[in-house]
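The structure appears below as structure tokens.
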Amino acid sequence: MRILFATSNPNKVEEASSVLGKSGHRVEQLLLDGEPPDFDEPKELGLEAVAVAKIQQALGLIRGTRLEGSAIMVEDSGIFLDAFDDWPGAESSDVEREIGLEGVLSMLSDGRQRGAEYRAVAIVSDGFGMWVGTGVCRGRISDEARGDEGFGYDPIFVPDDGDGRTFGEWGEGKSSGITHRAKAMNRLAELLGSPSR
Ligand code: ITT
């Protein structure tokens, strides 16, 4: 199935394409007039509500165009810190922009617990059916930023299923199937079944 991914983040497209490609699906970034769509995101309501808002807006934007009826995908994700009661969650990109990774590290510097997890909620819809896949990648926040692969919080996130390196140091780790996004995409692949529909 051809799936148009409504996201502004090329890293997400690459990961989704690699996972869903194994099940025969083709993932392309949804561009309207050459640009990824911009969504209103009710971040205070959490990842799932944001993902639902994004898919509704994306389907609305393609209604009446030649893309109507296409399979559209959206995904919302974030990092959840144990020490701060699952903050920043859906606000992860804002926090990253506002205080940076050094800001996050300094908030944890007074001996607070360093457990954390990435979570993702992905939705595919063709305007009739709707399929939802979720995934969690458990880990901890490193003492310092290490590596420059990946994006976002990867230089300070050490996955439990890895070898002690951050995702920033261990780029292949992002394609090993252990990430929140890979798990959400694999679940979607199960739900979507064979690509012949
Ligand atoms: P779209 O909304 O356009 O899809 P985005 O990057 O803004 O792209 P989100 O709103 O879902 O995506 O925000 C996700 C943020 O969570 C992202 O900017 C990072 O700060 C963090 N994040 C999520 N998944 C991540 C990953 O795999 N590696 C590193 N940081 C991640």
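Observations
- Under the condition of being surrounded by fewer than 22 Cβ atoms within 10 Å (Cβ to Cβ), touching a Cys at 6+ places or on another chain (Cβ under 7 Å) and in a helix (DSSP H, G or I), the residues counted in segment 150-182 number 0.
- Taking segment 59-81 as the range and being more than 10 Å from the ligand (Cβ to nearest atom) and among the polar types (S, T, N, Q) as the test, the residues that pass are 65, 70.
- Residues of segment 1-31 that turn out to be assigned to a loop (DSSP other than H, G, I, E, B) and in contact (Cβ under 8 Å) with a residue 40 or more places away in the chain, as a count: 9
- Residue satisfying condition, being more than 12 Å from the ligand (Cβ to nearest atom) and either more than 18 Å from residue 12 (Cβ to Cβ) or modelled with pLDDT of 95 or more (or both), within set 188, 192: 188
- In summary, residue 158 fulfils each of the numbered conditions (1) within 24 Å of residue 74 (Cα to Cα); (2) touching a strand residue (DSSP E or B) at 6+ places or on another chain (Cβ under 7 Å) with the single exception of condition (1).
- Residues in segment 37-46 that are surrounded by fewer than 17 Cβ atoms within 10 Å (Cβ to Cβ) and within 9 Å of the ligand (Cβ to nearest atom): 38 alone.
- Only one of 50, 13, 27 that is under 26 Å from residue 173 (Cβ atoms) and more than 10 Å from the ligand (Cβ to nearest atom): 27
- Extreme residue, surrounded by the fewest Cβ atoms within 10 Å (Cβ to Cβ), among residues of segment 109-149 that are at pLDDT 95 or above and among the aromatic types (Phe, Trp, Tyr): 131
The values are calculated or read from the model by the stated rules, or taken from the named source; none is laboratory data. In this text, all values refer to a predicted model and were calculated from it rather than measured experimentally. Don't worry about glycine lacking a Cβ; one is built from the backbone with ideal geometry, like all the others, and counts go over all protein chains shown.
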